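The values are calculated or read from the model by the stated rules, or taken from the named source; none is laboratory data. Just so it is clear, the model here is predicted, and its values are computed rather than measured. Quick reminder, even Gly has a Cβ in these numbers, built from the backbone with ideal geometry, and neighbours come from all protein chains shown.
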Ligand code: AHR
């Protein structure tokens with residue numbers, strides 16, 4: 001099989017928004033406790049923050065991190081997590097059926113975020129709580145001083161205001177599993193009032209309204225329309241969440257997961273623009289794709305609800321394979337292709353729970369297979385996203401119908417002259433010879449070409465063999481005249497860098 005990309009530096013989608021390389025830290029499983037926070041670990045600092053994990057987070061290139069949930073936030077009292085640790089209450093977390101010690105809270109997270117060099121994205125609880133608590137949290141976090149709550153923060157050791165700009169108005173309020181689940185009209189009203197109140201304290205905040213927890217939700221589409229009818233002029237983003245997993249042996253269907261994500265994004269954009277048109281608004285609502293990943297949810301389903309109440313149990317510590325990494329790379333390609341409207345995205349989650357980074361108590365931390373496409377794209381997707389054309393054969397999948405075997409995105413930094421091309425071959429069994437005409441870029445030469453592929457699609461990194469799955473040099477890649485050529489192995493993700 002063969003396929004072709006057409007790229008031209010003049011055809012631009014939008015700038016690469018750095019916030020698309022976001023992640024998510026939820027009080028779920030061992031993401032916080034034993035993940036980013038493990039007092040006493042050999043690499044931990046005085047705040048109990050694991051140094052080895054911090055180093056990997058920086059290497060991953062994460063730019064923004066959503067906190068503290070997730071389903072967790074819908075039952076969370078933020079006040080429990082501030083002040084002297086000895087005075088903090090231990091509580092039940094009904095979302096994940098675990099014991100929450102509250103040893104880690106807002107101020108610890110902000111200290112971690114500064115060390116990790118990431119922007120915080122704070123979620124408020126609109127499940128068991130509402131407008132008053134959201135406003136109090138905002139005042140505690142961001143007001144400089146001289147009020148009861150801001151002075152309390154200072155008393156708690158955080159002298160400077162945290163300056164958190166980006167806030168999520170609840171989490172997955174469309175989901176029947178969510179504490180305080182609402183209808184779209186109920187949530188739309190609550191979100192509007194919460195946004196209004198928060199904006200009275202600070203008009204410059206950026207606010208995210210909850211969209212759908214998945215494209216398969218029965219309320220999908222109607223939910224976004226109703227919520228935005230209530231909130232259009234008050235919020236900046238509508239969220240989208242999507243998780244994918246290999247079902248049975250449908251490798252082809254799984255490799256084409258990004259087809260579903262692409263449709264999801266197009267549908268939400270169409271719905272948001274429809275509401276904007278009805279309201280005669282010139283404003284555009286962007287998408288915050290603030291939960292996405294490969295997640296073997298079926299493995300978790302039975303566990304939650306059955307386990308005893310314990311502190312930080314092992315939940316969804318999925319061991320990611322080569323195949324999963326190719327799908328993650330492909331989902332990132334889709335997110336970047338939509339850079340004009342998807343301006344925030346968070347891979348869920350960051351450490352241990354559904355995560356690119358794994359760590360063991362008193363032990364090492366390592367990169368999962370899915371770490372690699374994320375890290376390479378976060379590092380090298382720079383400048384502008386280009387509007388390219390893919391000309392490739394198709395294959396028919398039971399799940400997504402007919403799909404092109406190749407999908408790709410390219411970014412071009414006009415200042416440095418760097419061009420990066422990311423391509424996925426979604427054909428599970430056949431290699432594709434691919435070519436890209438580079439005439440529009442002058443005399444471009446190849447500076448790096450790597451591929452994620454393997455004869456064993458189910459190989460994974462483990463504590464014993466942490467580098468089993470890594471990107472390898474693309475030995476077939478070459479620029480011949482003004483054409484970049486390479487053989488793309490079956491089920492592979494590739495990166496080509498040119499200058
Ligand atoms: O990321 C895991 C969970 O997935 C989150 O808590 C929830 O928002 C989603 O359903």
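So the values come out like this:
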quantity: Filter result for the condition that a residue is in a helix (DSSP H, G or I) and surrounded by 20 or more Cβ atoms within 10 Å (Cβ to Cβ), over 271, 343; calculated: 271
quantity: Qualifying residue in the range 289-297 (condition: in a helix (DSSP H, G or I), within 16 Å of the ligand (Cβ to nearest atom) and more than 14 Å from residue 493 (Cβ to Cβ)); calculated: yes
quantity: Among the candidates 153, 196, residue that is more than 16 Å from the ligand (Cβ to nearest atom), more than 28 Å from residue 88 (Cα to Cα) and either outside the structural domain of residue 82 (by TED's automatic domain parsing) or assigned to a helix (DSSP H, G or I) (or both); calculated: 196
quantity: Index of the failed condition, residue 398 passing every other in (1) buried (at least 19 other Cβ atoms within 10 Å of the Cβ); (2) assigned by TED's automatic domain parsing to the domain that holds residue 424; calculated: (1)
quantity: Those residues of the range 201-243 which are within 22 Å of residue 24 (Cα to Cα), in a loop (DSSP other than H, G, I, E, B) and away from the ligand (no atom under 13 Å from the Cβ), in sequence order; calculated: 205, 215, 235, 236
quantity: Evaluation of residue 303 against (1) within 14 Å of the ligand (Cβ to nearest atom); (2) assigned to a loop (DSSP other than H, G, I, E, B); (3) under 25 Å from residue 495 (Cβ atoms) (one fails), failing number; calculated: (3)
quantity: Single match in 93, 45 (criterion: more than 21 Å from the chain's Cα centre (by Cα), at pLDDT 95 or above and crowded, with 17+ Cβ neighbours inside 10 Å); calculated: 93
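Results for (1) within 16 Å of the ligand (Cβ to nearest atom); (2) free of Cβ contacts under 8 Å to residues at least 60 places away in the same chain, shown as yes or no for each residue.
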position: 135; (1), (2): no, no
position: 146; (1), (2): no, yes
position: 172; (1), (2): yes, no
position: 177; (1), (2): yes, no
position: 183; (1), (2): no, yes
position: 188; (1), (2): no, yes
position: 192; (1), (2): no, yes
